[in-house]
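Q: The structure is given below, and queries will be raised subsequently.
Read-outs: derived from the displayed coordinates by stated rules, not from any lab. What you see is a predicted model, and the numbers here were worked out from it, not measured in a lab. Don't worry about glycine lacking a Cβ; one is built from the backbone with ideal geometry, like all the others, and counts go over all protein chains shown.
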């Protein structure tokens, strides 16, 4: 994990760069589930530096969301956070389902807060 933290430390030394301008220096051995976990850790660690834990996902500002998207794009990852209103009973969230997926784009992490479900997804950003 320390190499992930070191990567984040270096990443946050400057504002987000152009897409694909930073080399993601974490070896996951090609395992998409491991990459997904690294990306979730990266998202969480960045947000912990901007917001005091516990992080309330609904409190993330639009400008910080845009910066987060920019940081991920700088190392070739598309980051999306979708929001859906909860109607009826709260949904069952299974955040371990990603281990059954083989493609990064099919993996997701969900959080419920204040009547909404937030879904984080990652995908490889196409080269320009």
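Q: Hey, among the residues in region 2-17 that are in contact (Cβ under 8 Å) with a residue 12 or more places away in the chain and out of contact with any helix residue (DSSP H, G or I) (no Cβ under 7 Å at 6 or more places or on another chain), which one's surrounded by the fewest Cβ atoms within 10 Å (Cβ to Cβ)?
A: Per the criteria, the residue is 15.
Q: Okay, next question. Return the residues of region 33-43 that are surrounded by 15 or more Cβ atoms within 10 Å (Cβ to Cβ) and either without any contact (Cβ under 8 Å) to a residue 60 or more places away in the chain or farther than 18 Å from residue 3 by Cα (or both); say none if nothing qualifies.
A: Scanning region 33-43 gives 37, 38, 41, 42.
Q: With the requirement that a residue be surrounded by 10 or more Cβ atoms within 10 Å (Cβ to Cβ), out of contact with any helix residue (DSSP H, G or I) (no Cβ under 7 Å at 6 or more places or on another chain) and farther than 20 Å from residue 28 by Cβ, what does region 94-128 give you?
A: 94, 110, 112, 115, 117, 119 - these are the residues of region 94-128 that are surrounded by 10 or more Cβ atoms within 10 Å (Cβ to Cβ), out of contact with any helix residue (DSSP H, G or I) (no Cβ under 7 Å at 6 or more places or on another chain) and farther than 20 Å from residue 28 by Cβ.
Q: Here's a follow-up. Looking only at region 58-93, count every residue that is more than 16 Å from residue 119 (Cβ to Cβ), surrounded by 13 or more Cβ atoms within 10 Å (Cβ to Cβ) and either over 16 Å from the mean Cα position of the chain (by Cα) or free of Cβ contacts under 8 Å to residues at least 24 places away in the same chain (or both) and tell me the total.
A: Total satisfying the criteria: 1.
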